[in-house]
Amino acid sequence: MASRRILVLHGHPDAGQGHFGDALVEAYAEGARQAGHAVVVERLADCDLPPLNSAKTWHEGPVPADAKRLQAAITECEHLVLLYPLWLGDMPAAVKAALEQVLRPGFALAYEGSDPGALLKGKSARVIVTMGMPGFFYRSFYRAHSLKSLKRNILSFCGFRPVRTTAIGRVDSSPAYRARWLKRIRAMGRAGG
């Protein structure tokens, strides 16, 4: 398999504090690097990306320096990995704010009148979501609504294809359970997917 340029966005608002998400990001990056992929890891918690307060700001407002830096990293990557914990049934507000700031018109979308065109075609993505509830329960009972929305209404809409998803439930389980997930995520990194 050819090596890929991979960008990993670590979306835990408290990244670096020993959360399971930290270990998952490290496992993915380690596996990818072992397979010869070029990996860049960015922690959104380290970025200054305030939420937008109007459509006008999204279309015409100044783009923060951290957003420009992340846009450059997305431009360079072939594969994007976004990992975050499920909070109140959705992505944390800091992740949503980052996506609002980074995926702006002119970078992620081109507008001809009222029809947006995807500008990030040719890139794939994987979203990894951690949660306390069992992953199958999130997918079956809650229908993974927020994950589906992110996949369809944001990433695919901007041109990412394919967009694969992984829901890791019961993150407070046994060390053996966590070790199995770390092994799976490391293998995903090696595969570059």
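Only the coordinates and a few stated rules stand behind these numbers; no lab work does. Just so it is clear, the structure is predicted and the values come from calculations on it, not from any experiment. Every residue, glycine as well, gets a Cβ built from its backbone with ideal geometry; the counts of neighbours run over all protein chains shown.
Annotations
- Cα gyration tensor shape for region 1-106, rounded if a/c is under 1.5, else prolate or oblate: oblate
- Mean-square fluctuations from a GNM of the chain, with a 10 angstrom spring cutoff on Cα atoms, peak among ALA45, ALA72, ALA125 at ALA72.
- Sorted by Cβ neighbour density within 10 Å, fewest at the top, the residues THR130, THR165, THR57: THR57, THR165, THR130
- Multiplying the residue separation of THR57 and ALA179 by 0.36 nm and subtracting their alpha-carbon distance yields 39.6 nm.
- Between ALA38 and ASP90, the simple spin-label model (points 7 angstrom out along Cα→Cβ) gives 3.6 nm.
- Relative to the Cα centre, the charge distribution of region 5-191, modelled as +1 at Lys and Arg Cβ and -1 at Asp and Glu Cβ, gives a dipole magnitude of about 900 debye.
- Between ARG5 and MET133, the modelled label-to-label distance comes to 3.9 nm, taking each label 7 Å out from Cα in the direction of the beta carbon.
- Estimated [θ] at 222 nm from DSSP helical runs (n ≥ 4, -39500 (n - 2.57)) normalised by residues in the chain, nearest 500: -11000 deg cm²/dmol
- Separation of the LYS148 and ASP115 label points, Cα + 7 Å toward Cβ, nm: 2.7 nm
- Excluding same-chain neighbours fewer than eight residues apart, the lysines reachable from LYS96 by a Cα-Cα span under 24 Å are LYS56, LYS68, LYS121, LYS123, LYS148, LYS151.
- Cβ crowding within 10 Å ranks ASP48, ASP14, ASP66 as ASP48, ASP14, ASP66, fewest other Cβ atoms first.
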